[in-house]
Amino acid sequence: MDQTYARYLKIEELLALQQPQSRPAEHDETLFIVIHQVYELWFKLLLHELEKIKRDYSAGDLFAAIATWKRVRMVLKTLVGQLDILETMTPMSFRTFRDRLEAASGFQSAQFREMELLLGYKRPEMLTHYRPDEPGRGRLERRLRERSLVDHFDDFLAARGVAIPAERRTRDVTLPTEPHLEIQEALVRLYRTSPDVSILLELMTDFDEGLQEWRYRHVKMVERTIGNKQGTGGSLGAEYLRTTLFRPVFPDLWVIRNRL
Ligand code: HEM
């Protein structure tokens, strides 16, 4: 009977984690820290939920996957919406504490990279940005070598009677998802013949669109906050970020749209 709200949720520990570095304190640094920490918590939940979807796919459990995609999609909408809060910070205000970041950048968010790997966007070169002893590096290596959500989706399709091509079944899972003609044919067939599966495919498309929307909104926020300055992570900034736009994680679902 010793449980309390604060003990269960570790509130005191949580509230001790926001530590602005500017001296004298710059007002907006608190917002900057809180919003990044909140993002990392949502990334944690997304990883947790996407792992469940992988299991649902391999178990052939359509309705469990649908229920979780609905949750994941709402979390993503929240992630996009939260950028509005950060956009209340002006370029002048950000400049007052930007130097405190030194070379720190969202570019180094290990959970964001984990999510990309889990979704099948495998880029081993990304791991070189993490020192071997850095927290998160081991998790990234594991994610790189694991079957992605798309590989598990193939299990689901196979259970629905789709003949997964041999080269796809035995593929090197450290490589990124590639569009595949036979899978596209199967998806068109499922859209036409299985209304329940088509709900799932639409939810996956929602998620894919949402992730691309987050990237787009992030670039616009970066443009309005730092213009064409280089990123603290060492990239060209907005110019680099623009190269990450309009790249789906489920390419097959986009290629077939004109046939539906
Ligand atoms: C004023 C606010 C922000 C600015 C000016 C900013 C700026 C940048 C820049 C310039 C990059 C490119 C890498 C670099 O050279 O640093 C980047 C990457 C990134 N940022 Fe932000 N960012 C902001 C807020 C956020 C927030 C709130 C998040 C949420 C976690 C975030 C997550 C990321 C991620 C995941 C990347 C890597 C994107 C990729 O490589 O595809 N950023 N950011």
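Determine which lysines satisfy two conditions relative to residue 44: a Cα distance under 24 Å, and not lying fewer than 8 residues away in the same chain. Qualifying lysines at Cα under 24 Å: 10, 52, 54, 70, 77, 122.
In the assembled protein chains, residue 42 presents an accessible area of approximately 80 Å² (probe radius 1.4 Å). Applying Stokes-Einstein at 10 °C and 1.306 mPa s to the Kirkwood radius of the chain, computed over alpha-carbon pairs, gives a translational diffusion coefficient of 78 µm² s⁻¹. Taken one residue at a time, the phi angles of the range 161-178 give Karplus couplings (6.51, -1.76, 1.60, θ = phi - 60°) of x, 7, 7, 6, x, 4, 5, 7, 5, 10, 5, 6, 6, 7, 9, x, 4, 10 Hz. Gly and Pro are set to x. Per residue, the Cα convex hull of the range 1-117 amounts to 145 Å³. The residues of the range 22-104 expose on average 55 square angstrom of accessible surface per residue, using a 1.4 Å probe on protein heavy atoms. Which angle from 0 to 90°, rounded to the nearest 10, does the C-alpha axis of helix 195-226 make with the longest principal axis of the chain? Taking Cα atoms only, the helix is inclined about 30 degrees. Helix content alone sets the calculated 222 nm mean residue ellipticity of the chain: runs of n ≥ 4 DSSP H residues at -39500 (n - 2.57) each, divided across all residues, give -19000 deg cm²/dmol. With point charges of +1 on the Cβ of Lys and Arg and -1 on the Cβ of Asp and Glu, referenced to the Cα centre of the chain, which listed residue (135, 251, 201) lies farthest in the positive direction of the dipole? With unit charges placed on the Cβ atoms, the residue in question is 251. Taking 0.36 nm per residue of sequence separation and removing the Cα-Cα distance, the residue 30/residue 228 pair yields an extension gain of 68.8 nm. Think of the chain as a dipole: +1 on every Lys or Arg Cβ, -1 on every Asp or Glu Cβ, centred on the Cα centre; then among 233, 186, 66, 186 lies furthest on the positive end.
Note on the range 177-220: with charges restricted to the Cβ of Lys and Arg (+1) and Asp and Glu (-1), its dipole about the Cα centre is near 200 debye.
The Cα trace of the range 170-250 gives Rg and Dmax of 17.5, 51 Å, the first to one decimal, the second as a whole number. Which GluC sites (Glu not before Pro) in the range 85-114 sit in a loop by DSSP (not H, G, I, E or B) and have at most 13 other Cβ atoms within 10 Å of their own Cβ? For GluC sites (Glu not before Pro) across the range 85-114 that sit outside H, G, I, E and B with at most 13 neighbouring Cβ atoms in 10 Å, the list reads 87, 102. Per residue, the range 135-260 exposes 52 Å² of solvent-accessible protein surface, assessed with a 1.4 angstrom probe and all protein chains in place.
Using Cβ point charges alone (K and R +1, D and E -1), the dipole size of the chain about the Cα centre works out to roughly 220 debye.
The phi-based Karplus calculation (6.51 cos²θ - 1.76 cosθ + 1.60; θ = phi - 60°) puts the 3J(HN,Hα) values of the range 143-157 at 4, 4, 7, 7, 5, 7, 4, 5, 4, 5, 4, 4, 4, 4, 4 Hz, whole numbers, x for Gly and Pro.
Only protein atoms count toward the accessible area here, which uses a 1.4 Å probe; on the range 8-51, the carbon and sulfur part of that area reaches 64 percent.
How big is D for the range 105-238, in µm² s⁻¹ as a whole number, if Stokes-Einstein is applied with the Kirkwood radius of its Cα pairs at 37 °C and 0.692 mPa s? Diffusion coefficient, whole number: 191 µm²/s. Packing, taken as the mean count of other beta carbons within 10 Å per residue, orders the peptides 198-210, 217-229, 4-16 from highest to lowest as 198-210, 217-229, 4-16. Near residue 229, which lysines are there with a Cα under 23 Å away, not counting those fewer than 8 places off in the same chain? Output for residue 229: 220. Cα axis of helix 181-193 to longest principal axis of the chain: angle in degrees, 0 to 90, nearest 10? Taking the Cα atoms of the chain, the angle to 181-193 is about 80 degrees.
Placing +1 on each Lys and Arg Cβ and -1 on each Asp and Glu Cβ, with no other charges, gives the range 94-180 a dipole about its Cα centre of roughly 160 debye. Across the accessible surface of the range 110-186, with the other protein chains kept in place and a 1.4 Å probe, carbon and sulfur atoms take up 54 percent. With unit charges on the beta carbon (Lys/Arg positive, Asp/Glu negative), name the residue among 32, 210, 81 whose Cα is farthest towards the positive pole of the charge dipole of the chain. Value computed over the given set: 210.
Separation of the range 161-197 from the range 215-249 is 32 Å, based on Cα centroids.
The values are calculated or read from the model by the stated rules, or taken from the named source; none is laboratory data. Since we're looking at a predicted model, the values are computed, not measured. Cβ coordinates were reconstructed from backbone atoms using ideal geometry, including for glycine residues, and neighbour counts include every protein chain displayed. Surface accessibility is based on the protein's heavy atoms, side chains included, excluding ligands, DNA and RNA. Shrake-Rupley method; radii C 1.70, N 1.55, O 1.52, S 1.80 Å.
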